[in-house]
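Right, one structure below, let's go through it.
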Amino acid sequence: MKEKILVAMSGGVDSSVAAWLMKEQGYDVVGVSMHLVSCHRPTERSCCSAEDRLDARRVCEALGIPYFTLDYRDAFQKKVIQPFVAAYARGRTPIPCVSCNSEFKFAALFDDMVLHEAVRVATGHYAKVLRDSDGRYRLYRGRDQKKDQTYFLFQLRQQELSKIEFPLAEVTKAEVRAMAKKQGFVTQDKPESQEICFVTDDDYAGFVESHGGHLLQGEGNFVDREGKVLGRHEGIHAYTIGQRRGLKKGFGQRMYVVEIRPETNEVVLGLKQEVMRSTMTVTSMHWTAEGATTFDPREYVETPLEIRIRSTHAPAVASIKSIRERIIEVAFDEPQMAIAPGQAAVFYQGDEVLGGGWIA
């Protein structure tokens, strides 16, 4: 009897090929899409829009596999969108895709896996899971490092990694598109999805204003490090650490956002060198190997590692200086630009994801 596997279908080319590869490997495949947000315009693209769900259904029909849509709009609003809006209102720069994956999407997929009597879950992420000789499940970058998505997966636990398949681990994006074209999938030429899928026009400030206006403090002062008033800002939710674009001219020199002070509703401006930092504190640290009997995070103290401080950031060499419960003190070999509170910091040793946490 074939093992049944649940494949998350976003309506894009990656999940389409992931479903095909699972079927080619002999699994009994079930495709599922999540309805996460309500679209108010027929052409609006967002998390699994109606058009995306239709494309996913067409791919499943072409593969001859069952397809289901799961309505999670209320839960997504409470668990992902509301915390995102609240974080921006506090002057932080959240990355909701991380918590969405670990605390929402995969949790829902595993519930649905049981409902459909499947034994595993597969997605179209570019990542890889391997089980070592000690029985520990390890998370690695996939072959296509340009498309690497492990930054968004660092919070997955051992129990979850043991039941996940990443069919695209050993293929490149170009190969995925070639496979989709050969199979005649309607998704073969679909463009890449945006980074935060529920903000359809990349206007984060506008999204926060429309979904959490009651949380905002409104206009306040631009100040320098000493507290001297330099001008007025439109609200701390409209700025992020390291930002230069959108700042009003007239400061006499090129200025950057170096700090956001929600308690006084101030945005601190300074020169580029003031945005550079060599140290950071990471909180709520999660180690991918937690739960494995042979794991001790202290082995990584003073060991050269690579750390990504945002999804588009090239990994930078750093070392852990101390571990205190789930609080990590980090020192970089070279100063880094715009280490923003609220972003995820993900730790790598070679291609392996050791874990990650949240920049304080």
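A few notes on this one:
- Globularity index of region 276-359 is 1.00 (Cα radius of gyration / 2.2 N^0.38 Å, N = number of residues).
- Rounded, prolate or oblate (a/c below 1.5 giving rounded, otherwise prolate when a/b exceeds b/c) for region 142-272 by Cα gyration tensor: prolate
- Look at where the Cα atoms of region 218-260 and of region 50-112 average out, and the two centres are 34 Å apart.
- Per-peptide average of other Cβ atoms within 10 Å, ordering 184-194, 227-237, 142-152 highest first: 142-152, 227-237, 184-194
- Fraction of beta bridges assigned by DSSP in the chain that are antiparallel (%, nearest 5): 70 percent
- Prolate/oblate/rounded call for region 113-155, Cα gyration tensor, a/c under 1.5 rounded: oblate
- Between Val114 and Glu302, the modelled label-to-label distance comes to 4.5 nm, taking each label 7 Å out from Cα in the direction of the beta carbon.
- Exposure proxy ranking, count of Cβ atoms within 10 Å, fewest first, for Leu70, Leu216: Leu70, Leu216
- Note on Lys190: lysines with a C-alpha under 23 Å away, same-chain residues under 8 apart excluded, are Lys23, Lys105, Lys146, Lys147, Lys173, Lys181, Lys182.
- Helix 50-63 vs. the chain, principal-axis angle (Cα, 0 to 90°, nearest 10): 30 degrees
- Cβ-based exposure ranking for Ser133, Ser33, Ser278, in which fewest neighbours within 10 Å come first: Ser133, Ser278, Ser33
- FRET E, pair Arg232, Glu195, Förster distance 25 Å, beta-carbon r, rounded to 0.05: 0.25
- For the chain, alpha-carbon Rg and Dmax in angstrom: 21.7, 73
- Dividing the mean sequence gap of close Cα pairs (under 8 Å, 6+ apart) by how many residues region 217-274 holds gives a relative contact order of 36 percent.
- Overall shape of region 217-274 was characterised from the C-alpha gyration tensor. The equivalent ellipsoid obtained from it has semi-axes of 16, 12, 11 Å, in decreasing order.
- The simple spin-label model puts a point 7 Å past each Cα toward its Cβ; for Leu215 and Lys78 those points are separated by 1.6 nm.
- The slack in the chain from Glu51 to Thr69, taken as 0.36 nm per residue of separation less the alpha-carbon distance, amounts to 5.2 nm.
- Built amide H within the under 5 Å cut-off of His35, gap 5+: Leu70, Asp71, Tyr72
- Mean-square fluctuations from a GNM of the chain, with a 10 angstrom spring cutoff on Cα atoms, peak among Arg120, Arg177, Arg298 at Arg298.
- Dividing the helix sum by the residues of the chain, where each DSSP H run of 4 or more adds -39500 (n - 2.57), gives a mean residue ellipticity at 222 nm of -6000 deg cm²/dmol.
- The convex hull drawn around the Cα atoms of region 54-158, when projected onto a plane and averaged over every direction, covers 9.4 nm².
- Taking 0.36 nm per residue of sequence separation and removing the Cα-Cα distance, the Arg244/Gln273 pair yields an extension gain of 9.1 nm.
- Using θ = phi - 60° and Karplus 6.51 cos²θ - 1.76 cosθ + 1.60, couplings along region 351-360 (whole Hz; Gly, Pro as x): 8, 8, 8, 7, x, x, x, 10, 5, 8
- Most to least packed among 59-65, 87-93 [average Cβ atoms within 10 Å]: 87-93, 59-65
- As a proxy for reagent exposure, Arg308, Arg261 were ordered by neighbouring Cβ count within 10 angstrom, fewest first; the result is Arg261, Arg308.
- Extension reserve of the Glu61-Arg225 stretch, reckoned as 0.36 nm per residue once the Cα distance is removed: 53.0 nm
- Within region 213-322: Cβ-based charge dipole about Cα centre, in debye rounded to nearest 20 (Lys, Arg +1; Asp, Glu -1): 640 debye
- The Cα center of region 146-203 and the Cα center of region 279-313 differ in position by 24 Å.
- Percentage relative contact order, region 276-359, counting C-alpha pairs under 8 Å, at least six apart: 40 percent
- For the peptides 123-131, 240-248, the ranking by mean Cβ contacts within 10 Å, running from highest to lowest, is 123-131, 240-248.
- With contacts taken as Cα pairs under 8 Å at a separation of at least 6 residues, the chain carries a relative contact order of 16 percent.
- Pair-distance distribution of region 222-355: all C-alpha pairs, bin width 5 Å, starting at 0; shares per bin in whole percent are 2, 9, 18, 19, 15, 11, 11, 7, 5, 2, 1, 0.
We did not get these values from a lab; they are worked out from the coordinates using the rules stated. Keep in mind it's a predicted model, so treat the numbers as computed, not measured. With ideal geometry, Cβ positions are generated from the backbone for all residues, glycine too; neighbour counts draw on all protein chains shown.
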